[in-house]
Amino acid sequence: MLFYDFIDCTDADYQILLDFLISGETVFLEYLLKFCKRMSANWNPINGTKDEVNRAMSILIRLRMHISNLYQKGSFPYSPKALLQAMEKVEFCYENEKGQFNAQAQAGKNMFDLDYMNYVKKKHQLKK
């Protein structure tokens, strides 16, 4: 997974990715939007290990939440609606995989990191 290699080079810091998105000197917005659209259209994280997929999704989720918060506060320099929608579609694919994995998983094993589990719980609480 090229994206995993990329975030590995940035020490999995979503702040660096946010800087790339805000900067006018990169085409990272275009890359990330295409990546998310491709992943949601052809969800197949077999190319990466479970840890790689979890780490990449953890970064994407943190990045999406931060972008959304900045946009709601009026602090994001442009409208990230298309990017946020694309990122949410990837999360949806990830959530569906979680359901399939949990149905087949052995007791006590879970491939999803604590940040994501807390995010899902918070999301469900807000819906109630």
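The values are calculated or read from the model by the stated rules, or taken from the named source; none is laboratory data. Note that the structure is predicted; figures quoted are calculated from it, not measured. All Cβ positions, even for glycine, are placed from backbone atoms using ideal geometry, and neighbour counts span all protein chains on display. When the accessible area is computed, the model is the full protein with side chains, heavy atoms only, and any ligands, DNA or RNA have been set aside. Shrake-Rupley method; radii C 1.70, N 1.55, O 1.52, S 1.80 Å.
Could you run through segment 1-54 and say how many residues are β-branched (Val, Ile, Thr) and in a helix (DSSP H, G or I)? Steps first, answer last, please.
Narrowing segment 1-54 to residues β-branched (Val, Ile, Thr): 7, 10, 16, 22, 26-27, 46, 49, 53.
Next cut, in a helix (DSSP H, G or I) only: 7, 16, 22, 46, 53.
Matching residues across segment 1-54 total 5.
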_Residue check for Asp19: at pLDDT 90 or above and surrounded by fewer than 19 Cβ atoms within 10 Å (Cβ to Cβ)_ = yes
*Which ones in segment 27-50 are open to solvent by 80 Å² or more (accessible area, probe 1.4 Å) and in contact (Cβ under 8 Å) with a residue 40 or more places away in the chain?*
Lys37, Asn47, Lys50
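Among the residues of segment 71-93, is there at least one that is hydroxyl-bearing (Ser, Thr, Tyr) and within 15 Å of the chain's Cα centre (by Cα)? Let's see the steps before the verdict.
Step one: filter segment 71-93 for residues hydroxyl-bearing (Ser, Thr, Tyr), giving 71, 75, 78-79.
Restricting the remaining residues to those that are within 15 Å of the chain's Cα centre (by Cα) gives none.
So far as segment 71-93 goes, no, none of its residues is hydroxyl-bearing (Ser, Thr, Tyr) and within 15 Å of the chain's Cα centre (by Cα).
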